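Peer 1: Pasting a structure below so you can have a look.
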Number of protein chains: 4
Amino acid sequence: MVVLLRSNPNEKQLENLVHWLESRNIEVHPTVGASQTILGLIGDTSTLDIDLIRALDIVEDVVRIQEPYKNANRKFHPDDTVVTVGGKNSTPTKIGGGNFAMIAGPCSVESEAQICDVAAAVKTAGATMLRGGAFKPRTSPYAFQGMRAEGIRLLLEAQEKTGLPIVTEIMDADQLPLFEDVDMIQVGARNMQNFELLKKLGHTDKPILLKRGLSSTIEELLMSAEYIMAGGNQNVVLCERGIRTFETVTRNTLDIAAVPVLHGRTHLPVVIDPSHATGVARLVAPLSLAATAAGADGLIIEVHNDPAHALCDGPQSLTPDAFAALSKQVDALRGAMATV
Amino acid sequence: MVVLLRSNPNEKQLENLVHWLESRNIEVHPTVGASQTILGLIGDTSTLDIDLIRALDIVEDVVRIQEPYKNANRKFHPDDTVVTVGGKNSTPTKIGGGNFAMIAGPCSVESEAQICDVAAAVKTAGATMLRGGAFKPRTSPYAFQGMRAEGIRLLLEAQEKTGLPIVTEIMDADQLPLFEDVDMIQVGARNMQNFELLKKLGHTDKPILLKRGLSSTIEELLMSAEYIMAGGNQNVVLCERGIRTFETVTRNTLDIAAVPVLHGRTHLPVVIDPSHATGVARLVAPLSLAATAAGADGLIIEVHNDPAHALCDGPQSLTPDAFAALSKQVDALRGAMATV
Amino acid sequence: MVVLLRSNPNEKQLENLVHWLESRNIEVHPTVGASQTILGLIGDTSTLDIDLIRALDIVEDVVRIQEPYKNANRKFHPDDTVVTVGGKNSTPTKIGGGNFAMIAGPCSVESEAQICDVAAAVKTAGATMLRGGAFKPRTSPYAFQGMRAEGIRLLLEAQEKTGLPIVTEIMDADQLPLFEDVDMIQVGARNMQNFELLKKLGHTDKPILLKRGLSSTIEELLMSAEYIMAGGNQNVVLCERGIRTFETVTRNTLDIAAVPVLHGRTHLPVVIDPSHATGVARLVAPLSLAATAAGADGLIIEVHNDPAHALCDGPQSLTPDAFAALSKQVDALRGAMATV
Amino acid sequence: MVVLLRSNPNEKQLENLVHWLESRNIEVHPTVGASQTILGLIGDTSTLDIDLIRALDIVEDVVRIQEPYKNANRKFHPDDTVVTVGGKNSTPTKIGGGNFAMIAGPCSVESEAQICDVAAAVKTAGATMLRGGAFKPRTSPYAFQGMRAEGIRLLLEAQEKTGLPIVTEIMDADQLPLFEDVDMIQVGARNMQNFELLKKLGHTDKPILLKRGLSSTIEELLMSAEYIMAGGNQNVVLCERGIRTFETVTRNTLDIAAVPVLHGRTHLPVVIDPSHATGVARLVAPLSLAATAAGADGLIIEVHNDPAHALCDGPQSLTPDAFAALSKQVDALRGAMATV
C-alpha cells in the first residue's frame, strides 16, 4: 500500500499515523520527493481500512498495490481450483480447471413428480447437477416462500433417483441442519454480504455456490468468497447472475466480462446464470453460448417440465427439449474452442 | 391489476389462466375491444407474481394498479405513524408526524470512555438518540468486526448514564437476545433483503430502523418494511442512506427525492443518513439541511470525540462541536419551514 | 396504446383528452369495466408522448403496445438488413444477414506510416474494414483532439493502398464535406442523442455506424437509428460498446444481452466493440468470442502496430499478431456455430 | 501526478516513458523505495491521458494529484464567480456569490399568448429569468421538435414585454445566429459532451447554462465547462438535473450532493433543475427547498399557465400559483439560513 501525503503535513499527525501503522506490524518506508512525500507500507495491509487512512487531513490519497483477498487470490494460488461436488449420495462431478458444470432444474420445487421428472429430463439432456429452490427469497412477504424443509426432502428424492448432485439456496444459518445431505449450498445474490452466514458456511466443508449481489463489485464478490475461505472452506464456486443497471429491457445486465476478469484474479471456478440475468427464456441460449465462449466453467439454467401448466415457473425457464438442444450447442462450442 | 392479452390468444391457455386466477379468489373481468382483450383482476392481487403472468405466451403486458404493500401503504393508513423509541431504561422519544429525530454517535463502539463521552457530548448538542456500532458489517473478513456483545454492553452503559435511547445494528437473528434492552434495532443496508431476519424482527415489538439497500428500489424498501409489519410489528422507521450509482466522488448518491416520494406512499417515518451517503464529513452539514428542507423526520449522523486519535472513526464523522453547530442550523431551518 | 383511467374520471377532462387524441387522427375505443375504464388507442401512436398523457389527473397509467420505432422495427421488416459498405474507392463488404464484419485499426490516426502499416497488417490478419480516429472526442480540452482533416486524408491513403473500406467518427455536421470518400461514418457514444447531427446524416446515403450511448437504453438506441432512417438513410449498423454502471474494474460494462435483444426488435445489424467496452487488451479476445457466440454481426477492434512506442495507443489495443490469432478463433467459432 | 512502477520494470521501456514525458515538458522525479519505484511528475500534467500511462506494462498505477481542470478550478480562483445575465434588451440579473437565480417558464414555447402570459405570471411570482424551449431534444423523431426559430422570436417578445432575461437551449452550432439577442444559452444534458459545440460556445461571450449529462460524472461536467472556458468564455453556470440510476420511481435521481461537492471544486455557480430531475410536479417544491438548503445558487423550474389544456406541458410543471407559493418558501428558507 502506498500513502501519498499532502505537502507540509502536520508532523504530530504524521507521527501518530506512523506509530499506529507500526503497532499493526506494518513497516513504513518514507520516500521524500521534491514536492511530495510518499509512505510505502510493507506487511499485511489487508486488514487496513483504506477509507480511514484516506480520510486523514495529512493524506492526499492511498493506493492499494496488493489485492485485499488472499485465499481467493490467483497470485498466491496460480493453479485453477477444481471443486468436487457430490459423492456421498450422488455421482461426484467436478467444476473448474477444464471441468464444465451444467446445472439445471426448476426455479422452485413444487411437488415430488415435478422435481423428479425435471431431474430425469435434465439428466438425459446432459445436466451434471440438479438445481431447485426450497427456500425462496421473495420481494413480497405475501408471495410463495418455497416448500422449505419439504422442498429439501423432495430434492433429496430426486438426488437418490437420478444420482445427480443437488444445489439449493440457504437463507439463514439456522437452516444448516437441513442441508446435511445437500451436495452444494447456494448463497443467493441478496445474501452475498450476509457476513454472519458466510462465516458459518466457512466452518462447513460443503461446496458453496456464491452468487454475486445485484450491485456488488467484483472485488466485493471476492471479499465475500474470502469470508468463507478464511474459515477454512476452500470449496467456493463464484456465480455471475447479472447486475442492476439503468437498462430495464432485461431484468438485470449480465456482466460477461466478469468471467475473464475473475479468471485473472482468482483460481476459483466461475459459472454463469443466464436465466436470472435476463429473465427471458429466449435470451438464455445466446447468453449461455456467450458465457461458454468467454471461458465460463459452467452454467446454471432454469428448466421446467410442463409448459402448459407452468404458471409458477419463471419466464426465464426453458423446456427440457430446449435445454437439450442448448446442451448440444454448448458441447459443440467447447469442442471448437479446444482446437484453436 | 390489468392483464393485456395478445391478439388472438390461445383459448386453452386463456382458460387455464382464468381458472388459476379464480382459484386464488381473484375475480376476472374481461373487456373485449376491437383489437385487444383486457382482463381486469379484482381481489387481493398482492400475492400474484407479476413477472410470472407477464411471461405467459398469451400475455402482452401486465399493469399493477394497486401497490403490493398494505400495512405500509398510506392509502390504507392516511395518518402519519409516530414511532416511540425508548422508555424502559431511557427517556422516550418520538419519530414521525412532526417529531424530528436527531440520532448521533460514533461509527463503532470502541471503549467505555469513548461511547460515554460521545453520548454525553451529543446529548448536550441536541441529540435525541445515541447510535453506535457493536456488530459491524465489513467487506473484508480481516477488518475489525466490532466489539459485538461487549459493544452492546457499553452502549447500555451510555444509555444508563445519559438516558438517551440507543440504536444499533443486528446482523443475524441469533443475536436477538443481546438486544433485549436496546431501544431500537437497526437493519443495515446489506441485510435489507435478508428476509428470514426481517420475519423474525416482525415477531418482536422493538422499533426497527430499516436502511435502504445500496441498490434497492423504493418499492423494494417498502416491501421489506412490509415483511416486518406483516409479522405484527408496526414500529418501522425507514432510512435513506445513499444508493450505488456510477458517480464515485461521493461513496454513494443520496436519493433526496426518496423523502417526499416515501411520504407520498407510506405513513412510516423517514430519516436520512448523510454520513454514510457521502462518506465525507464536509458534506454532512449541507446534506442534513437539504434533508430537513425536503421534509425528513430525522437525521442519523456520525460523531466522534477525539479527532487527534480518531483513526478508526470514519472520514464522514463530525466533531461534537460541528454536530452542535449543525443541530442549531437544523432547528433554525425547521423553525423557518413551520412558518411558511 | 392503452390508457387506464382512474376511477370516476372528471368528465370534462376526459372529453378534452378524447378530442385532443382525435385531433391527432387517433381512434379512441373505450371499454368500460366494473371498476376501471380503459381507452384503446388505434392509429399512429408513435408521435404521442407517453409521459404527457400519463401525467394527466384522470390517467392511472399508459401502456404502449407498439414500439415507437417503425423503420427500425423487425415487425414491419422481418428480414435482416444487409448493409453494404465501400465500393467506390474500396472493395465492398457486407454486414448483417450472415455477413460478419471484422473492423480493425488504431484508436487514432497518427501518421501515414502508422495508419498504412496497421491497415496492411489487419488486412492480412482477416479484417474486412479499417477503423481509425481523425476527430477524437476527448474529455479534456487539453488532450490531443486528433489529426482532424489531415487524419481523414491519411485514412483515404490507407483505403487506396489496401482497398479496405474505412470507418471514422464525425463530431459535427459541418465536417460532412470531409467525409465524401469515407465509406462509413461513425456516430460516437457521446453523440448518440445529438439529434441535429442524426437528422443531417439521415439525408445522406452513407452507411452509419451508430454507437450506443454510455447510459442509453436499447429503446433509445433504436429511436436514434429511427432519426437517421426517418430521413431516408436505411444503412444503419448498431454498435454496443459498453454501458456505464457502478462496476469500475472495467471501463464500461459490455451489455452482451443487447445482441439477441436487438436482433429480436430490429432488422439492423449489430456489432460489438470489446475494446472500448472494457479498456483492457487482455479482455478483448474473450469478449470477442462471447459476442460472436451471442450472434453479433461483427466486431470493431483496436489494433496498434508498434507496442514499444505506442504510448498513444490505448490500453485496449491488440498487436496485429494478437488480432490475427483472435481472427482465426472467431472464424473457428463461427464455423462450429453454423453446424449446430 | 504520481506513477507507481511495477517491481523490476523493463529498463528500455522505463527510459522510453521518461523521454516521452520530458518531451512534453514534464519533469520526472523518481524516488526509489525498497520494493517500489515511484515517479513524481512536475509540470502541466493536465494534457496527459492517465489511462494511456496506466496501460503500460511497467506501470502499476497512476494517481492524479492535481485536478485536470484549471479555469474552472477553485484552487486557482478562490472567489465565487458571479455571472451577470441580460442587460442588452432585458433587466440584468446576477447568479452566484450570494445572488440567487429563480428561473421559470414552460417546457416548450407554444404560442405568443402562452409564453407572454407565463412570463408575466412568473415575473410577478418572483422569477428573475424566463426559460422556454424553442429547439427541443426529443427521443423520437416523430415527436414535436419545438417551434425552433419562431420559438426564439416569441421568447424575445416575452423578453421585451417583461424585461426578464431569457435562457433557451441550443442544439447545434449552426443555430447560433438565432441566439444573438438571447441572454443565456443552455447546453442540454444530451449535448454536455458535444465538444465541437462547446468549443464554439467558448468563442462567444454569452453566459452558458451547462447541464450535467444523465450519466456524466462531476469531473466530466467540470471538464466540459473547461472546454467553454478554455476558449475564453468564463460565464458558465453549472446545472445538476438528475442522473440516470436503477431507480425508476422518479425519472432521474437528483444528485443533491453535487451542490456542495461542486462548490468545493469550482468557483462557478450551481443551479438545480428539480422539474427534470424527478418528472413529477408534486416533488418540485420539496426538492427546490432541499436544493436551497444545500446551498444552490438558483433553481430552474417548469411553470405552465393553463392546466386545463396543458396537454403538452410536462407532468413536472407547476401552475403559476404553486410557483409563487414555492418562491415565498425559498425566500423564507434563504432568510433563515442567512441568520445561522
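The values are calculated or read from the model by the stated rules, or taken from the named source; none is laboratory data. The structure displayed is predicted, hence computed values, not measured ones. Here Cβ is always computed from backbone atoms with ideal geometry, including for glycine, and neighbour counts include all displayed protein chains. When the accessible area is computed, the model is the full protein with side chains, heavy atoms only, and any ligands, DNA or RNA have been set aside. Shrake-Rupley method; radii C 1.70, N 1.55, O 1.52, S 1.80 Å.
Peer 1: Which chain B residue comes nearest the axis with its C-beta when you rotate B onto A, and by how many angstrom?
Peer 2: Output: B:Ser215, 2.
Peer 1: If you don't mind, another one. Place a +1 charge on the Cβ of each Lys and Arg in the protein assembly as shown and a -1 charge on the Cβ of each Asp and Glu, then give the dipole magnitude about the Cα centre in debye, rounded to the nearest 20.
Peer 2: 0
Peer 1: Per DSSP helix of 4 or more residues, -39500 (n - 2.57); summed, then divided by the residues of chain B. What does that give at 222 nm, rounded to the nearest 500?
Peer 2: That calculation yields -10000 deg cm²/dmol at 222 nm.
Peer 1: Separate question: For peptide C:198-205, compute the average count of partner chain beta-carbon atoms within 10 Å of each residue's beta-carbon.
Peer 2: 1
Peer 1: How large is the Kirkwood hydrodynamic radius of the range B:218-340, counting all unique pairs of alpha carbons, in Å?
Peer 2: That comes to 15.5 Å for the range B:218-340.
Peer 1: Place a point 7 Å from Cα of C:Ile42 in the direction of its Cβ. Which residues in the range B:1-45 have their backbone N less than 11 Å from it?
Peer 2: Inside the label zone: B:33-36.
Peer 1: Ratio of the range C:125-201's C-alpha Rg to 2.2 N^0.38 Å, to two decimals?
Peer 2: 1.12
Peer 1: How fast does the range A:1-139 diffuse by Stokes-Einstein, in µm²/s, taking the Kirkwood radius from C-alpha pairs at 4 °C and 1.567 mPa s?
Peer 2: D = 65 µm²/s.
Peer 1: Additional query: Using only protein heavy atoms and a 1.4 Å probe, how much accessible area in total is buried between B and D, to the nearest 100 Å²?
Peer 2: Protein heavy atoms only, the B-D interface buries about 2900 Å².
Peer 1: Counting DSSP beta bridges with both partners in the range D:50-172, what percentage is antiparallel, nearest 5?
Peer 2: Around 45 percent antiparallel, to the nearest 5.
Peer 1: When DSSP beta bridges are limited to those with both residues in chain C, what percentage is antiparallel, rounded to the nearest 5?
Peer 2: 40
Peer 1: Reported to two decimal places, what Rg/Rh ratio describes the range A:191-245 when computed on Cα atoms with Rh from the Kirkwood expression?
Peer 2: Ratio value, two decimals: 0.96.
Peer 1: By what distance, in whole Å, do the Cα atoms of the range B:12-90 stretch along each of the three principal axes, largest value first?
Peer 2: Each principal axis gives a Cα extent; for the range B:12-90 these are 65, 22, 20 Å.
Peer 1: Right, next: Would any residue of the range B:127-162 have its amide N under 12 Å from a label point 7 Å out along Cα→Cβ of B:Arg334? List them or say none.
Peer 2: B:127-129
Peer 1: With the Cα gyration tensor of the range D:226-273 in hand, give its eigenvalues times 5 under a square root as the equivalent ellipsoid semi-axes, listed largest first in whole angstrom.
Peer 2: 25, 12, 8
Peer 1: Would you calculate the convex hull of the Cα atoms in chain A and tell me its volume per residue in Å³?
Peer 2: Looking at chain A, the number lands at 165 Å³ per residue.
Peer 1: Please report, for A:Glu180, the nm distances (one decimal) from its label point, 7 Å out from Cα along the beta-carbon direction, to the equivalent points in the remaining copies, shortest first.
Peer 2: 3.2, 8.5, 9.0
Peer 1: How big is the Cα convex hull of the range C:181-290 in projection, averaged over all directions, in nm²?
Peer 2: So the Cα hull casts an average projection of 7.0 nm².
Peer 1: Please calculate the 1.4 Å probe accessible area of B:Leu156, with all protein chains present, and give it to the nearest 10 Å².
Peer 2: Counting only protein heavy atoms, B:Leu156 exposes about 40 Å² to solvent.
Peer 1: Still on this structure: Over the protein assembly as shown, with every protein chain in place, what whole percent of the accessible area is carbon and sulfur at 1.4 Å, could you tell me?
Peer 2: 49
Peer 1: Quick one, what does Rg over Rh come out to for the range D:62-108 if you take C-alpha atoms and the Kirkwood Rh?
Peer 2: Rg/Rh: 1.18.
Peer 1: Between copies, how close do the C:Thr124 label points come, placed 7 Å along Cα→Cβ, listed in nm from shortest?
Peer 2: 5.4, 7.9, 8.0
Peer 1: Please compute the Cα-Cα pair-distance distribution of the protein assembly as shown with 10 Å bins starting at 0, giving whole percents from short to long.
Peer 2: 2, 8, 16, 22, 23, 18, 9, 2, 0
Peer 1: If you don't mind, there's one more thing I want to ask. In whole Å, what are the extents of the range B:109-262 along the principal axes defined by its C-alpha atoms, from largest to smallest?
Peer 2: 40, 40, 35 Å, listed from the longest principal axis down.
Peer 1: Note down the relative contact order for the range B:135-292 as a percent, whole number, built from C-alpha pairs under 8 angstrom at least six residues apart.
Peer 2: 14
Peer 1: Another question about this same structure. Can you list the equivalent-ellipsoid semi-axes of the range D:150-236, largest first and in whole Å, using the square root of 5 times each Cα gyration tensor eigenvalue?
Peer 2: In descending order, the three semi-axes are 23, 13, 12 Å.
Peer 1: So what is the relative contact order for chain D, in percent, with contacts set as C-alpha pairs under 8 Å and at least six apart?
Peer 2: 15
Peer 1: Which order do the peptides B:124-131, D:84-91, C:160-167 come out in when sorted by mean C-beta neighbours inside 10 angstrom, highest first?
Peer 2: Top to bottom by mean Cβ count within 10 Å: B:124-131, C:160-167, D:84-91.
Peer 1: Can you bin every Cα-Cα distance in the range C:60-177 into 5 Å intervals starting at zero and give me the percent of pairs per bin, rounded to whole numbers?
Peer 2: Here the calculated profile for the range C:60-177 is 2, 11, 16, 17, 15, 12, 10, 8, 5, 3, 2, 1, 0.
Peer 1: What net charge do the residues around C:Val59 carry, taking every other residue with its C-beta under 13 Å from that of C:Val59, with Lys and Arg at +1 and Asp and Glu at -1?
Peer 2: Net charge around C:Val59: -3.
Peer 1: Can you list the residues of the range A:255-269 that have at least 10 square angstrom less accessible area with all protein chains present than in their chain by itself, probe 1.4 Å?
Peer 2: Residues meeting the cut-off: A:Asp255, A:Ile256, A:Ala257, A:Pro260, A:Val261, A:Gly264, A:Arg265.
Peer 1: First measure r as the distance between the Cβ atoms of D:Asp51 and A:Lys12, then evaluate 1/(1 + (r/R0)^6) with R0 = 41 Å and state the FRET efficiency to the nearest 0.05.
Peer 2: 0.60
Peer 1: Run through the other copies and list how far each one's label point is from that of C:Thr84, in nm with one decimal, shortest first; the point sits 7 Å from Cα along Cα-Cβ.
Peer 2: The projected label point of C:Thr84 is separated from its counterparts by 6.2, 6.3, 8.4 nm.
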